Amino acid sequence: NKRKKKSHSISSIFCCIIKHHHNFEEMGEMTSFQLGVVGALFLSVASSVSIVICNKALMSNLGFPFATTLTSWHLMVTYCTLHVALKFNFFENKPIDIKTVMLFGILNGVSIGFLNLSLGFNSIGFYQMTKLAIIPFTVLVETLFLKKQFSQNIKFALFILLIGVGIASITDLQLNFVGTILSLLAIVTTCVGQILTNTIQKRLNISSTQLLYQSAPFQAAILFVSGPVVDQFLTKQSVFAYKYSPIVVGFIVLSCLIAVSVNFSTFLVIGKTSPVTYQVLGHLKTCLVLGFGYTLLHDPFTSRNIVGILVAIIGMGLYSYFCVHETKRKQVGDHSSIAQVKEKDTTAPLLAGKNGQVKENNSLV
């Protein structure tokens, strides 16, 4: 009996060591994942704010108004950069169904075109409303079709965020039929494209780099063809007749290089978090752009902008807090359920009697 108790104690200690070892491994993986998310968020914010300032200087100060065509150049440079990185084995290409990639790329390209057309046909205020509407529409689509649950705390934080961004950025609301239709199309295509970015990466087990590498040519192609037409329709100028000075070319090259980081971080953030989190991050960028515009470019800034930004920051803080709190609670639940399953699987054979019945274990762990 003493030998059996001793063997049971040793077995129990061994099981505990294995369980704690797995827990440490899971904690290490979770820590590295969280660091990766923080890095992706920082890269997205830094690159997006940089490209907005660069493009604002290019379009407002240097008179280059061809936004859609510039976006097609961004995507072409992104693809070429990733192709070079692939040749140097910085990442491994993973084949994806050509129909999936083609439809995904075209959808993202079309969404960019609709957003630019929406800006052209609507006032700045209505365009900002269009961007704000992407968050509630994304929540609605994910709830109805993907059965994703959003807690009341998350919804409240998003509501505060949207109110703050609305106060800070919306100045006038001028409605027209064509502009409203274009805004609705922009909301739907942007929302579906971002949800697919997250879904494809997780279901096909591919990285953001692999998805961006294969979809970028199709996005670039649709914008390369439609961009000059859309830009000429909106600006009454031709991108081919524009006189390119060295400083304009320099800013275009700089914008394309920054865009590589923007496109990569966009796919990275959506893949690691969610489309809703990416939209929240986008509104943080809006607040930062307003702040940088006032500081560096001396844009007009009112007390309304300040109040709106402060309210938006409170909403972002609440959203981050509730997300982290719910993620930790879910992790604790997952770890406890995994530990219970492992304990049942490992202790039952060791403590079973001759007839397969489990005996009581009196040893301490």
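The values are calculated or read from the model by the stated rules, or taken from the named source; none is laboratory data. Quick caveat, the model's predicted, so the values are computed rather than measured. Every residue, glycine among them, receives a Cβ derived from its backbone with ideal geometry; neighbour counts consider all protein chains shown. Side chains included, ligands, DNA and RNA excluded: accessible areas come from the protein's heavy atoms. Shrake-Rupley method; radii C 1.70, N 1.55, O 1.52, S 1.80 Å.
Points to keep in mind about this one:
- Full extension of the segment from Phe177 to Lys243, taken as 0.36 nm per residue of separation minus the current Cα-Cα distance, would add 20.3 nm.
- Shown is the FRET efficiency for Phe90 and Lys155, computed with R0 = 45 Å from the Cβ-Cβ distance and rounded to the nearest 0.05: 0.65.
- Packing-based ranking, highest mean first, of 90-102, 253-265 given that Cβ atoms within 10 Å are counted: 253-265, 90-102
- Ile124 - accessible surface, heavy atoms, 1.4 Å probe, Å² rounded to 10: 100
- Accessible-area rank, largest first, for Phe233, Phe267: Phe233, Phe267, with all protein chains present and a 1.4 angstrom probe.
- At a probe radius of 1.4 angstrom, the accessible area of region 103-241 per residue rounds to 48 square angstrom.
- Extension gain, Val37 to Leu144, is 35.8 nm, computed as 0.36 nm per intervening residue step minus the present C-alpha separation.
- Going by accessible surface with a 1.4 Å probe and the largest first, Ser169, Ser60 read Ser60, Ser169.
- Computed with every protein chain present, the accessible area of Ser47 is close to 10 Å² [probe 1.4 Å].
- Apportionment of accessible area to carbon and sulfur, region 221-277, percent (1.4 Å): 75
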